[in-house]
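Okay, so here's the structure we're looking at.
Laboratory data are not the source of any read-out in this text; all were calculated from the coordinates shown. Note that the coordinates shown come from a computational prediction; the quantities given were computed from them, not determined experimentally. Cβ coordinates were reconstructed from backbone atoms using ideal geometry, including for glycine residues, and neighbour counts include every protein chain displayed.
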Amino acid sequence: MADNESLVPGFDDAKDAGIKISLSKVNDVPNCLSIFLDGYIDTYNSSFFQKQIAKIVEAGFVNLAFNCRSLNYISSTGIGVFISFFKLVKPKGGDLVLLEIQPKVFEVFQILGFLQFFNIRNSMDEVIDYFKTGGVQTTSSVFPKVFPCPICQKKLKAVRSGRFRCSECKSILAVDGQGQVFRG
């Protein structure tokens, strides 16, 4: 990972105890940064988070890949901030992708109905592919996939790979790019 300051001058001038943000340039995609989030985003630190991402966009990075592997909580205010990022980069020809979302955080996006609004990927390779194809989803011919829930056997349908919750038993399920279904 590169030094934040070398990518976005002045980025490390401000700090917040609730979230740590680390940056890494994605060389395979023009104007793209991978943004690693560690901590939580709520009403109290969402303004700090929004200002930090605004610095990134002002520095010319409009393709943003948010790695949420270490993001352990997000409030509805935090999701609202992600929407503002989307509105910030889209007119500049950019886009944003969420990556490696933890089940607890994924559940907040799902409950609030924002899963269809955001581009969610499972790996950096999928993110790079998404940006390289101009946001055109490259799903394999296994989708849409109809399958029984491994817990309650309710018939479910997945239109793409990712994580979601069974509508019957509420178990968290994952479907990979080849259509294989897993718990969690």
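Quick look at the numbers
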| quantity | calculated |
| --- | --- |
| Charge dipole magnitude, Cβ of K and R +1, D and E -1 - the chain, Cα centre, debye nearest 20 | 840 |
| P(r) tail fraction, the chain - alpha-carbon pairs more than 31 Å apart, % | 18 |
| Among Asn27, Asn122, Asn72, residue whose mean-square fluctuation peaks in a GNM of the chain (springs only between Cα atoms under 10 Å) | Asn27 |
| Set of aspartates and glutamates near Lys55 by C-alpha distance (under 13 Å), chain-local residues within fewer than 8 positions excluded | Glu5, Asp12, Asp13 |
| Additional length obtainable on full extension of the chain from Lys51 to Lys132, 0.36 nm per residue less Cα span | 26.4 nm |
| Among Leu64, Leu23, Leu88: highest mean-square fluctuation, GNM of the chain, C-alpha pairs under 10 Å | Leu88 |
| Listed residues Gly177, Tyr40, Pro144: farthest to the positive end of the dipole of the chain (Cβ charges) | Pro144 |
| Too-long pairs where the Cα-Cα distance tops 28 Å, listed order kept, from Lys15/Lys170; Lys104/Lys154; Lys132/Lys154; Lys51/Lys92; Lys145/Lys170 | Lys15/Lys170; Lys132/Lys154 |
| Residue with peak Gaussian network fluctuation, the chain [Cα springs, cutoff 10 Å], from Ser46, Ser75, Ser167 | Ser167 |
| Two-site label geometry, Asn72 and Leu112: point separation in nm, points 7 Å out along Cα→Cβ | 2.0 |
